[in-house]
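Chemist: Have a look at this one.
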Amino acid sequence: PGPFQLFAPMLATASAIPAGGRDAWSFEPKLDGIRVVAGVHEGKVTLRSRGGIDLAAQYPGIVADLTGQPVSAAVLDGELVAVAKNGRASFELLQQRMNLRDAGQIADAERNIPVVYYVFDLLHADGFDLAGAALRDRREALVRILNPSGRVSQVAVIETDAEGAYEAAMASGFEGIVAKREESPYQPGRRSVSWLKRKAKERDEFLVAGFTPGNGARADSFGGLILAEEVEGALAYRGRVGGGLTDSQAKALRKRLAELVEPARPFAKATPEDRITTWVRPEVRVLVEYHEKTAGGVLRQPVFKGVVEDGVASESTFAVVTSPPSSPQRAPEATDSLAEQLERAGERTTLEGEGWKLPLSNLGKVMWPAVDGGPAITKRDLLRYALEISPLAVPHLQDRPLTLLRFPNGTAGKRFYQRHWESKPPTFVQTVVAFAEGEGLDREWLLCNNLPTLLWLCQIADIEWHASLARVSPAPDAFDLPLTFTGSEEAIDASPLNHPDFLLFDLDPYIYAGTEKRGDEPQPSRAGFAKTAEIALELKVVLDSLNLASFVKTSGATGIHVFVPIVRNLEYDAVRAAANTIFAEVASRRRGEVTMEWATTKRTGKVFLDANMNSRHKSLAAPYSPRAKPGGPVSVPCSWVDLPGAYAGDTTLLDPWWARREDPWAGILEAKHDLKALLGLE
């Protein structure tokens, strides 16, 4: 209630933080608590969690202090933190208060486990919507209206550069820092690159003291490893780790541990897993990354990183991907020297990077004929674009089976699709062998996991970079899915390749430019794109109402693609059904303007809403992919604010200005939603 909307909190992206930049960025300590958006309206207070649950009844002290603030209506964003006796934040203490419902228990917790609401943003104040204002102005307004108390306080800005702020935060016991762009508006529900977070993680070696039973794909190995640490000549229990292991690693480690089984527990005290654990002699040492240790010494958020052999950790790898030893690193490498080689070359050359070589030919071949007085686009231009865009493009292609769309003689010639590579690809190209359902046998699929592969695709005239919505990698949310892709359709059904990372919405205008021949599909037009953008923004309203963060890009042709990142616990069929349901709501709101009809004759003058790209049999142009349309347009991610002006015809690969700006899709896989839980399918 009140004159303000229910704000979904703006989220930070995990990313490297720009060095220096104190004028453009401010730095706050990252607090280890519960994110809460507080609403105050005429004496009534709500405390909304990220999931929209009102926590006011659980924290009456916070409510009392907010009720007494010198403002009649406000929306505040901050973190609810439990404070230990040493004055530092303690998530372990906060957990003891999170689920209390009994009034007597809550009263006891108020006395024994103090909490503080640390406020860092002001979104509304006495009738004024401040979300669109710059952060520095919102912070100044917050200082003016917030009356600090023992239970409500403003988060302090650390007055130094990024590295100094991080060091100061860590020295003070915080879990990291958040860097915020001073000119940034508040973007409700959005994981934004205007807010960047850097958290600390510990990494240590531990002994394996036992293992617990597994199920599903882990039935033949184990569910988790019991960890131990040597402390003053004895073994101390440090919890259990199961994440970070592939199924093949787990099976190999289970075989090794079978030779070390012991009947007795190696710990002096009982553990929570005593009844289900098979104990082993603590001889195998593993490397584990974790957030922190609890007061009892148990690791928080542990992730397996490898087995330590002779003092050296063997890092986790994915056996399903063929990755020869000579392959370059996945991170895009420096491209300056490669660009120089390309510019100096004649019609033929060999590009040489770190550990790889790529022969190039026909660099002057026209791939896009000249249109509207503009220049023709050659293979050299395409390679030049791939070099510049690779740091942005490769992460969106990585680990996703490709469908090649090749134009050996440019877009004016014939084209053909290719899903499998019959001959041996270059050594730097990674592949995966998976069952091809239409053919009834296992086939080799290409992956684009590095820069030289992207350049090779350009050399073989793969003009459009089409990728699956699903990945072969289990990290970070598909470790419970079997990594067997071969042998049968059933294997694919159960694997990550049938569990997409995204809920996809494809919007195509059937608003004709007037230049089409009879029977042609609509050609790009500003009027068609403007209407499609309008409908896409209506879709965003629906997604926002479901607390689903969404990412938008131009298709590079006539339409718009909207992606919602989701946890991989739903198969394609369920994801497609969800997309159709959401599209149906959009259609009910914009009757006469949109259609979900498959008959093209019924689409004329409307925007077609297509959820059927949510299929493992389909792929679409990946972010930053060129398109085989006149002028060489590109599928470009953009912000929702910039969408109405993001006409695809204005973004061609000859001037990739978007390669030199912040990536609006950075951290998209970190913004995942549990759609299965939202739909009540648990």
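Chemist: How high is the FRET efficiency between residue 516 and residue 269 when r is their beta carbon distance and R₀ equals 51 Å, given to the nearest 0.05? Can you show the working numbers first?
Modeler: Details: r = 77 Å, r/R0 = 1.51.
E(calc), rounded to 0.05, equals 0.10.
Chemist: What is the chain by shape, rounded, prolate or oblate, if you read a ≥ b ≥ c off the alpha carbon gyration tensor as root eigenvalues and call it rounded for a/c under 1.5, prolate for a/b larger than b/c, and oblate otherwise? Provide the component values of the computation, followed by the final result.
Modeler: Values: a/c = 1.78, a/b = 1.22, b/c = 1.46.
Because a/c hits 1.5 or more and a/b fails to exceed b/c, the chain counts as oblate.
Chemist: Which sequence of 85, 255 reflects their accessible areas, 1.4 Å probe, from the largest down? Present the calculation step by step, with values, prior to reporting the outcome.
Modeler: On the way: 85 215, 255 155 Å².
Correct descending sequence by accessible area is 85, 255.
Chemist: Rolling a 1.4 angstrom probe over the protein heavy atoms, how many square angstrom per residue are accessible across the chain?
Modeler: 44
Chemist: Of all the accessible heavy-atom surface of the stretch 478-535, with the other protein chains kept in place and a 1.4 Å probe, what percent is carbon and sulfur?
Modeler: Here it works out to 49 percent.
Chemist: Relative contact order for the chain using alpha-carbon pairs under 8 Å, separation at least 6, rounded to a whole percent?
Modeler: Values: 1459 pairs, mean separation 69.6, N = 682.
Value for the chain: 10 percent.
Chemist: Let me ask something else about it. Could you sort 190, 344, 136 by accessible area so the largest value comes first, with the probe set to 1.4 Å?
Modeler: 344, 136, 190
Chemist: In whole percent, what relative contact order does the stretch 461-605 give with Cα contacts below 8 Å and a gap of six or more residues? Could you put the intermediate results ahead of the total?
Modeler: Working: 180 pairs, mean separation 35.9, N = 145.
With pairs under 8 Å counted, the relative contact order is 25 percent.
Chemist: Right, next: At 18 Å minimum axial length over the Cα atoms and a Kyte-Doolittle cut of 0.0, report the qualifying DSSP H helices in the chain, or say none.
Modeler: On the way: long enough: 379-397 (23 Å, 0.15); 526-545 (29 Å, 0.48); 572-589 (26 Å, 0.23).
Correct list, ordered by number: 379-397, 526-545, 572-589.
Chemist: Also: If you count the DSSP beta bridges with both ends in the chain, what percent of them are antiparallel, to the nearest 5? Could the numbers behind the result be given before it?
Modeler: Working: 110 of 120 bridges.
In the chain, DSSP labels about 90 percent of beta bridges as antiparallel.
Chemist: Oh, and also: Give me the extension gain from residue 64 to residue 204: residue separation times 0.36 nm, minus the current Cα-Cα distance, reported in nm with one decimal.
Modeler: 46.0 nm is the gain from fully extending residue 64 to residue 204.
Chemist: Cβ under 12 Å from residue 340's Cβ, residue 340 left aside: what net charge do those residues give with Lys, Arg +1 and Asp, Glu -1?
Modeler: Working: positive: 344, 384; negative: 336, 343, 352.
Around residue 340, the surrounding residues sum to -1.
Chemist: Sticking with this one: Heads up, I need the accessible area for residue 442: 1.4 angstrom probe, whole protein in place, Å², nearest 10.
Modeler: Approximately 70 Å² for this residue.
Chemist: Counting Lys +1, Arg +1, Asp -1, Glu -1, what net charge surrounds residue 289 among other residues with beta carbon under 10 Å of its beta carbon?
Modeler: Numbers: positive: 201, 203, 305; negative: 202, 204.
The answer is +1.
Chemist: Using 19 Å as the Cα-Cα cut-off, could you pick out the over-long pairs in 197/672; 365/629; 365/414; 517/618? Don't skip to the answer; put the middle values down first.
Modeler: On the way: 197/672 17 Å; 365/629 17 Å; 365/414 15 Å; 517/618 28 Å.
Table pairs above 19 Å Cα-Cα are 517/618.
Chemist: From the helices alone, meaning DSSP H stretches of at least four residues, give me the mean residue ellipticity at 222 nm for the chain, per-run term -39500 (n - 2.57), in deg cm²/dmol to the nearest 500.
Modeler: Working: 13 runs with 144 residues, N = 682.
Theoretical 222 nm ellipticity from helices: -6500 deg cm²/dmol.
Chemist: Roll a 1.4 Å probe over the protein heavy atoms and report the accessible area of residue 50 in Å², nearest 10.
Modeler: Here the residue's solvent-accessible area equals roughly 130 Å².
Chemist: Roughly how many Å is it from the Cα centre of the stretch 107-158 to that of the stretch 594-608, as a whole number?
Modeler: So the separation of the two Cα centres works out to 49 Å.
Chemist: While we're on this one: Rounding to the nearest 20 debye, state how big the charge dipole of the stretch 569-682 is about its Cα centre with +1 on each Lys and Arg Cβ and -1 on each Asp and Glu Cβ. Write out the running numbers ahead of the final one.
Modeler: Values: 15 positive and 14 negative charges, 95 e Å.
It comes to approximately 460 debye.
Chemist: For the stretch 27-104, calculate the relative contact order in percent as a whole number, restricting contacts to Cα pairs under 8 Å that are 6 or more residues apart. Could the numbers behind the result be given before it?
Modeler: Numbers: 108 pairs, mean separation 26.5, N = 78.
Computed value for the stretch 27-104: 34 percent relative contact order.
Chemist: Would you mind classifying the stretch 124-170 by shape? Square roots of the alpha carbon gyration tensor eigenvalues, ordered a ≥ b ≥ c; an a/c under 1.5 is rounded, otherwise it is prolate if a/b is larger than b/c and oblate if not. Don't jump to the answer; show the numbers that get you there.
Modeler: Numbers: a/c = 3.55, a/b = 1.58, b/c = 2.24.
Here the stretch 124-170 falls in the oblate category.
Chemist: Using a 1.4 angstrom probe on the protein heavy atoms only, line up 512, 572 by accessible area, largest first.
Modeler: Numbers: 512 95, 572 5 Å².
So, going from the largest accessible area down, we get 512, 572.
The values are calculated or read from the model by the stated rules, or taken from the named source; none is laboratory data. Values in this document were obtained by computation on a predicted structure and should not be read as measured data. Counting neighbours? That spans all protein chains shown, and the Cβs are built from the backbone with ideal geometry, glycine included. All accessible areas refer to the heavy atoms of the entire protein, side chains included, with ligands and DNA or RNA removed. Shrake-Rupley method; radii C 1.70, N 1.55, O 1.52, S 1.80 Å.
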